[in-house]
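K.L.:
I'd like to ask some things about the structure below.
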Amino acid sequence: MARVELRHINKRYPGVQALDDIDLDIESGEFFTLLGPSGCGKTTLLRTVAGFNRQDSGEVRVAGERIDGMPAYRRNIGLVFQDYAIFPHMTVGDNVAFGLRNRGRPRQEIAERVARALDLVRLGAHAARLPHQLSGGQQQRVGLARAVVIEPQILLMDEPLSNLDAKLRIELRDDIRDLQRSLGITTIYVTHDQEEALVISDRICVMQGGRVHQVGTPWEVYARPATLFVASFVGAMNVIADLRVGAGGALALGLASRLAPVLAGRDCVTLAIRLEDMTVAGTSEDVPSDALALDGAVDKVTFAGREAFYRVQLDDGPQILAHVHRPERRLLERTGARVRLILPLANVHLFDPALGRRIEAVS
Amino acid sequence: MSPRWRPDFWSGVLVVALAVVAVLMVWPLYNIFSASVIDNRSGALTVANFAQILGRPAYQGALINSLIVGVGGMLGATLLGVPLAMLTTRFVIKGRDLLATLAVLALVSPPFIGAYAWIMMLGSNGWMRALLADIGIELPPIYGMFGILLVFSLKFYPFVFLLTASGLGAISPSVEEAAESLGAGPWRRFFKVTLPLVFPAVSSGALLAFVLSIADFGTPSIVGGKVRLLATTAFDLFTAEMGGNPGLASATSVVLIAVSMAVVVLQRWAVRRRDIAGSLIRRPSPQRLGPIISAAAHFVCYAIVVAGSLPSLVVIYTSFRKTSGPVFHPGFSLDSYARILGEVPHVIVNSFAFSTGAVLLIVILGTLIGYILARRETLAAGALDSVLLVPYIVPGVVMGLAFVVTFNVPPLQITGTAAIIILMLFIRRLPYAVRSSAAILKQIKGSIEEAAISLGARPGRAFLKVTLPLMLPGVIAGALMGFITAINELSSSLILYVGRTMTMPVRIYLSVLDGQFGTASALATILLAATGLAVFVVFRISDRKESVFV
């Protein structure tokens, strides 16, 4: 149980600022996820906490104690790797015992703790096996047991599920979450998979280009993205870039009287809306006062079982993808049909085109 | 507290490695380079030595002959190696493993054994020549350029064969099928698709054949007759009792290095952007041939491999023949062995002791340096990596000369000792151990060691407990390879030895020059047995089998 404080961490590699003034607080017992595309700095940050990268400046504190000058082997941190990093020449039991032996624990205690850790990941019967006799999912469970058996202050996981197939990934994802809850261990988890991050995390930190874009609960990150990058990286989003704002703050698209106050004084705005946040209606449908309406023609229909998507070519400009709940057969034969997309203002996200920052549309 | 560089175990290793390489490699070679541009008497800077080599017909001839030998050895090895590789990988050839094993054995036996075995067969009094004469085929004795090229082609074809075979094995059959479905016939498919894909492998085998051909000293001086080469010229210039000419010998050495280097650069240029990493989902499977073609293919394969192994068989056979001095009598005996055990037992002891000593040094430092090159990307490690390429292109004769020039004066006066021979074997073979351990490490994921460290193991302990056990099979294979090349080393030992520190290859060479084929064969058989045993162990512990050897 430990709080983690990261203070003004910078790391530069030749030609790229890998970490740009990262400042984060991770609460004790929290499941905290670093989410971003590859090259965003999330793994660099994780390895800085683990002690395998040295930051150029900044501090890392765990439970109030500075650890950033400490060599990795003296930090009491559990680490789970993307490629499992199981010692292939040791049995499962020896793998899990390795950290305890380094700490010089008595033989009896090691045996008990190893057995308990293996039970925890449901591998109690496999202690004498060699790693190559295990499946990928089982190997990663060994990795998990090996990391938690030393009772680390914090647990770090670097894309632990990305080498597994889809079904195992979901299974192990739930196992990891349950284990973390039951141990109450502060966990920093790195992934590029936004859905995984939403499902597993207490809080998510979305990163890009070495910078933090947003820290928040899964709901906040999904429903109130702080930047255009977060909006487009987490979940699927329609983005209409660089809309001109008319005199008095009217949008170039649709009807926008309600938005006028927040747009006043701007030339341009970027609008985003989630696929599922609008309704597809006939062109004669009345438009509520708290909504935008965009007219167009259905360009393409994609059926995906429990849902379907329309690609709508708007009359004046871009294409928009709209989600159709519970698609019925007749709704799938509408290619070419004229439709009106109704966008409730509460669901519309507006961003400053230059800075990419969120503009609160409806206060 | 600001981030700072902290010296650890590995920075210590790096410093030691750089020091060793500086003293044993950079310094001696620097001495050769400087001697080549300094006048022997006045000590003034001069290009006269190089002017002589390029201007005087005798030296010009040596340069041209060396180029002929290099190109000829390379072409011969390629013409034998590529068809053998094509046939054994693409078609069902019985005894493929046997062929590969025999090729490896031919590869690891020292070239000078091949040279004198061929003399016993096709020399002035060669039995095979006499046999052929009996049935009406008159062959000239093989002394001269033809003999050199014959020995080199049969000696170095396994490099081309093994590298090409593994290159061919890495080409997805889908690629060739795609070519076929797009209308390419078998020949067009071979020249437009298969050959370009396998060219990097073929050319690196050919490159090895070239560099080793021009570097070899024993073969041309045994079978070369009057043909002068750069390697033999440098040796004679340096060792001539009257009027030895170190300046000219050094300049000859520099030219030899320059030729090797030029060919290496040429090969690198030829395969630039050719490092094709295909994703291999399907492995090629050998095809069956019709009975007549199949018989022909088997004949070609076995003819090449048997011709390559013939010298070793002849040597072993000869060693058991009845002999009195240089004269052979009918029947078998252990006379030759009795003679070597009576006359030169220390030569055998020396060979094993020096090779073992050198290999121990090579394994320890080679493993540690390999680790640094594979895992630490620093400027110093990069420099070390490029310096370690040097022994690949510096012939043994040149390295021997460089050692004599450097270590026969204080502060490090060690000529005439066992140490200088051990250090020579060590530095000549160190790069091979470094490369093989770096290659093994590249296959061991770095995260494994990080896992150990994150579990509280110090870097030294993490290496010992986790990385080293995983490296061990590769390290042992590398050590045995080092042992094989060390115990068979002739050219540099020939320059560095004194009576007390004579080794088996040196004794064999001197016996051959004396016409003492019996004792030479007995010693050579001991060498072949030790080598064969080492190869056997490598085969047992390595899962890559014959590809370890190239």
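K.L.:
Are any residues in region A:177-193 within 22 Å of A:Pro37 (Cβ to Cβ) and buried (at least 18 other Cβ atoms within 10 Å of the Cβ), and if so, which ones?
P.N.:
The first filter runs over region A:177-193 and keeps only residues within 22 Å of A:Pro37 (Cβ to Cβ), leaving A:187-193.
Hits for region A:177-193 are A:Thr187, A:Ile188, A:Tyr189, A:Val190, A:Thr191, A:His192.
Residue-wise test of (1) assigned to a helix (DSSP H, G or I); (2) of a type in the set (Gly, Ala, Ser); (3) within 22 Å of B:Leu248 (Cα to Cα); (4) in contact with an Asp or Glu (Cβ under 6 Å, 6 or more places away or on another chain).
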{"site": "B:Leu195", "(1), (2), (3), (4)": "yes, no, no, no"}
{"site": "B:Val198", "(1), (2), (3), (4)": "yes, no, no, no"}
{"site": "B:Ser203", "(1), (2), (3), (4)": "yes, yes, no, no"}
{"site": "B:Ala206", "(1), (2), (3), (4)": "yes, yes, no, no"}
{"site": "B:Phe210", "(1), (2), (3), (4)": "yes, no, no, no"}
{"site": "B:Pro220", "(1), (2), (3), (4)": "yes, no, yes, no"}
{"site": "B:Arg228", "(1), (2), (3), (4)": "no, no, yes, no"}
{"site": "B:Ala231", "(1), (2), (3), (4)": "yes, yes, yes, no"}
{"site": "B:Phe235", "(1), (2), (3), (4)": "yes, no, yes, no"}
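K.L.:
Shifting gears a bit: So A:Thr48 clears everything in (1) over 30 Å from A:Asp165 (Cβ atoms); (2) at the interface with another protein chain (Cβ under 9 Å from one of its Cβ atoms) except one condition, right? Which one?
P.N.:
Every condition holds for A:Thr48 apart from (2).
K.L.:
Would you say A:Arg66 is surrounded by 15 or more Cβ atoms within 10 Å (Cβ to Cβ), out of contact with any Phe, Trp or Tyr (no Cβ under 7 Å at 6 or more places or on another chain) and in the same structural domain as A:Thr217 (by TED's automatic domain parsing)? It would help to see each step written out before you state the result.
P.N.:
Working: surrounded by 15 or more Cβ atoms within 10 Å (Cβ to Cβ): no; out of contact with any Phe, Trp or Tyr (no Cβ under 7 Å at 6 or more places or on another chain): yes; in the same structural domain as A:Thr217 (by TED's automatic domain parsing): yes.
No; evaluated as a whole, the condition is false for this residue.
K.L.:
Tell me yes or no: at least one residue of region B:328-344 is small (Gly, Ala, Ser), surrounded by fewer than 14 Cβ atoms within 10 Å (Cβ to Cβ), modelled with pLDDT of 90 or more and part of a helix (DSSP H, G or I).
P.N.:
no
K.L.:
When you scan region A:66-80, how many residues do you find that are under 28 Å from the mean Cα position of the chain (by Cα) and more than 10 Å from chain B (Cβ to nearest Cβ)? Full working, then the answer.
P.N.:
First pass over region A:66-80, keeping only residues under 28 Å from the mean Cα position of the chain (by Cα): A:66-68, A:72, A:75-80.
Those still in the list that are more than 10 Å from chain B (Cβ to nearest Cβ) too: A:67.
Number of matching residues: 1.
K.L.:
Please go through region B:440-467 and pick out each residue that is surrounded by fewer than 20 Cβ atoms within 10 Å (Cβ to Cβ) and touching a residue at least 60 places away in the same chain (Cβ under 8 Å).
P.N.:
Across region B:440-467, the qualifying residues are B:Lys442, B:Gly446, B:Pro459, B:Gly460.
K.L.:
Of all residues in region A:116-157, which are over 19 Å from A:Asp178 (Cα atoms) and assigned to a helix (DSSP H, G or I)?
P.N.:
Pass one, region A:116-157, residues over 19 Å from A:Asp178 (Cα atoms): A:125-136.
Of everything in region A:116-157, those that are over 19 Å from A:Asp178 (Cα atoms) and assigned to a helix (DSSP H, G or I) turn out to be A:Ala125, A:His126, A:Pro131, A:His132, A:Gln133, A:Gly136.
K.L.:
Can you name the condition, by its number, that A:Leu144 falls short on among (1) in contact (Cβ under 8 Å) with a residue 60 or more places away in the chain; (2) buried (at least 17 other Cβ atoms within 10 Å of the Cβ); (3) within 15 Å of A:Ser38 (Cα to Cα)?
P.N.:
Here A:Leu144 clears every test but (3).
K.L.:
Is there a residue being in a loop (DSSP other than H, G, I, E, B) and not β-branched (Val, Ile, Thr) anywhere in region B:160-175? Break it down into steps so the answer makes sense when it comes.
P.N.:
First, the residues of region B:160-175 that are in a loop (DSSP other than H, G, I, E, B): B:170-172.
Adding the requirement that they be not β-branched (Val, Ile, Thr) leaves B:170, B:172.
Yes, some residue in region B:160-175 is in a loop (DSSP other than H, G, I, E, B) and not β-branched (Val, Ile, Thr).
K.L.:
Please go through region A:52-65 and pick out each residue that is within 8 Å of another protein chain (Cβ to nearest Cβ), not acidic (Asp, Glu) and not in a strand (DSSP E or B). Break it down into steps so the answer makes sense when it comes.
P.N.:
So in region A:52-65, the residues within 8 Å of another protein chain (Cβ to nearest Cβ) come out as A:52, A:54-57.
Still in the list and also not acidic (Asp, Glu): A:52, A:54-55, A:57.
Within region A:52-65, A:Phe52, A:Arg54, A:Gln55 qualify.
K.L.:
Turning to a different aspect of this structure: What tally of residues in region A:86-106 results from selecting those that are more than 7 Å from chain B (Cβ to nearest Cβ), within 15 Å of A:Ala117 (Cα to Cα) and in contact (Cβ under 8 Å) with a residue 12 or more places away in the chain?
P.N.:
The number of residues fulfilling the criteria is 7.
K.L.:
Only residues that are among the hydroxyl-bearing types (Ser, Thr, Tyr) and modelled with pLDDT of 85 or more: list them for region B:491-522, please.
P.N.:
Within region B:491-522, the subset among the hydroxyl-bearing types (Ser, Thr, Tyr) is B:491-493, B:497, B:501, B:503, B:509, B:511, B:519, B:521.
Across region B:491-522, the qualifying residues are B:Ser492, B:Ser493, B:Tyr497, B:Thr501, B:Thr503, B:Tyr509, B:Ser511, B:Ser521.
K.L.:
A further question on this structure: Under the condition of being in a helix (DSSP H, G or I) and among the basic types (Lys, Arg), which residue from region B:82-133 is farthest from B:Ile222 (Cα to Cα)?
P.N.:
Looking only at region B:82-133, we keep the residues that are in a helix (DSSP H, G or I), and these are B:82-90, B:96-108, B:111-122, B:127-133.
Narrowing the set further to residues that are among the basic types (Lys, Arg) leaves B:90, B:96, B:129.
Numbers: B:Arg90: 38, B:Arg96: 33, B:Arg129: 18 Å.
In this case the residue turns out to be B:Arg90.
K.L.:
Can you name every residue in region B:469-503 that is within 14 Å of another protein chain (Cβ to nearest Cβ) and without any contact (Cβ under 8 Å) to a residue 60 or more places away in the chain?
P.N.:
Residues satisfying the conditions are B:Pro469, B:Leu470, B:Leu472.
K.L.:
Among the numbered criteria (1) more than 27 Å from A:Thr217 (Cβ to Cβ); (2) surrounded by 21 or more Cβ atoms within 10 Å (Cβ to Cβ), which single criterion is violated by A:Asp165?
P.N.:
(2) is the only condition that A:Asp165 fails.
K.L.:
Are any residues in region A:278-296 crowded, with 19+ Cβ neighbours inside 10 Å and either closer than 11 Å to A:Pro344 by Cβ or without any contact (Cβ under 8 Å) to a residue 12 or more places away in the chain (or both), and if so, which ones?
P.N.:
A:Met278, A:Ala291, A:Leu292, A:Ala293 - these are the residues of region A:278-296 that are crowded, with 19+ Cβ neighbours inside 10 Å and either closer than 11 Å to A:Pro344 by Cβ or without any contact (Cβ under 8 Å) to a residue 12 or more places away in the chain (or both).
K.L.:
Out of (1) in contact with a helix residue (DSSP H, G or I) (Cβ under 6 Å, 6 or more places away or on another chain); (2) surrounded by fewer than 20 Cβ atoms within 10 Å (Cβ to Cβ), the odd one out for A:Leu156 is which?
P.N.:
(2)
K.L.:
Given the options B:Gly456, B:Gly416, name the one that is of a type in the set (Gly, Ala, Ser), within 14 Å of another protein chain (Cβ to nearest Cβ) and part of a loop (DSSP other than H, G, I, E, B). So that I can check it myself, show each step before the final result.
P.N.:
Working: B:Gly416 fails: within 14 Å of another protein chain (Cβ to nearest Cβ).
After ruling out the rest, the residue left standing is B:Gly456.
K.L.:
Let me ask another. Just to be sure, is A:Glu151 in contact with an Asp or Glu (Cβ under 9 Å, 6 or more places away or on another chain), surrounded by fewer than 23 Cβ atoms within 10 Å (Cβ to Cβ) and either within 12 Å of chain B (Cβ to nearest Cβ) or within 20 Å of A:Ala197 (Cα to Cα) (or both)?
P.N.:
No.
K.L.:
Answer with yes or no whether A:Glu59 is in contact with a strand residue (DSSP E or B) (Cβ under 6 Å, 6 or more places away or on another chain), surrounded by fewer than 18 Cβ atoms within 10 Å (Cβ to Cβ) and farther than 23 Å from A:Gln194 by Cβ. If you could, list the steps in order and put the result at the bottom.
P.N.:
On the way: in contact with a strand residue (DSSP E or B) (Cβ under 6 Å, 6 or more places away or on another chain): yes; surrounded by fewer than 18 Cβ atoms within 10 Å (Cβ to Cβ): yes; farther than 23 Å from A:Gln194 by Cβ: yes.
Yes, satisfied.
K.L.:
Being more than 12 Å from every other protein chain (Cβ to nearest Cβ), under 21 Å from the mean Cα position of the chain (by Cα) and either at pLDDT below 90 or over 26 Å from A:Leu179 (Cβ atoms) (or both) is true for just one of A:Leu24, A:Leu34, A:Leu6, A:Leu19. Which residue is that? Full working, then the answer.
P.N.:
Numbers: A:Leu24 fails: either at pLDDT below 90 or over 26 Å from A:Leu179 (Cβ atoms) (or both); A:Leu34 fails: either at pLDDT below 90 or over 26 Å from A:Leu179 (Cβ atoms) (or both); A:Leu6 fails: either at pLDDT below 90 or over 26 Å from A:Leu179 (Cβ atoms) (or both).
The conditions single out A:Leu19.
K.L.:
Give just the number: which of (1) buried (at least 22 other Cβ atoms within 10 Å of the Cβ); (2) within 18 Å of the chain's Cα centre (by Cα) does B:Phe407 not satisfy?
P.N.:
Only one criterion in (1) buried (at least 22 other Cβ atoms within 10 Å of the Cβ); (2) within 18 Å of the chain's Cα centre (by Cα) is unmet by B:Phe407, namely (2).
Yes/no matrix, rows are residues, columns are (1) within 12 Å of another protein chain (Cβ to nearest Cβ); (2) touching a Leu at 6+ places or on another chain (Cβ under 8 Å); (3) under 30 Å from A:Val60 (Cβ atoms):
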residue	(1), (2), (3)
A:Glu109	no, yes, yes
A:Val114	no, yes, yes
A:His132	no, no, no
A:Gly143	yes, no, yes
A:Leu161	no, yes, yes
A:Leu164	no, yes, yes
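K.L.:
Is it fair to say A:Asp83 is within 13 Å of another protein chain (Cβ to nearest Cβ) and assigned to a helix (DSSP H, G or I)? Write out each step before concluding.
P.N.:
Values: within 13 Å of another protein chain (Cβ to nearest Cβ): yes; assigned to a helix (DSSP H, G or I): no.
Criteria not met by A:Asp83.
K.L.:
Keeping to region B:181-237, report how many residues are of a type in the set (S, T, N, Q) and farther than 16 Å from B:Gly400 by Cβ.
P.N.:
Narrowing region B:181-237 to residues of a type in the set (S, T, N, Q): B:181, B:194, B:203-204, B:213, B:219, B:221, B:232-233.
Still in the list and also farther than 16 Å from B:Gly400 by Cβ: B:181, B:194, B:203-204, B:213, B:219.
Number satisfying all stated conditions: 6.
K.L.:
Ok, one more. Which residues, taken from region A:86-115, are assigned to a loop (DSSP other than H, G, I, E, B) and within 18 Å of B:Ala452 (Cβ to Cβ)?
P.N.:
In the first step, residues of region A:86-115 are kept if they are assigned to a loop (DSSP other than H, G, I, E, B); the result is A:86-91, A:103-106.
Within region A:86-115, A:Ile86, A:Phe87, A:Pro88, A:His89, A:Met90, A:Thr91, A:Arg103, A:Gly104, A:Arg105 meet the criteria.
The values are calculated or read from the model by the stated rules, or taken from the named source; none is laboratory data. Quick caveat: nothing in here was measured; it's all calculated off a predicted structure. All Cβ positions, even for glycine, are placed from backbone atoms using ideal geometry, and neighbour counts span all protein chains on display.
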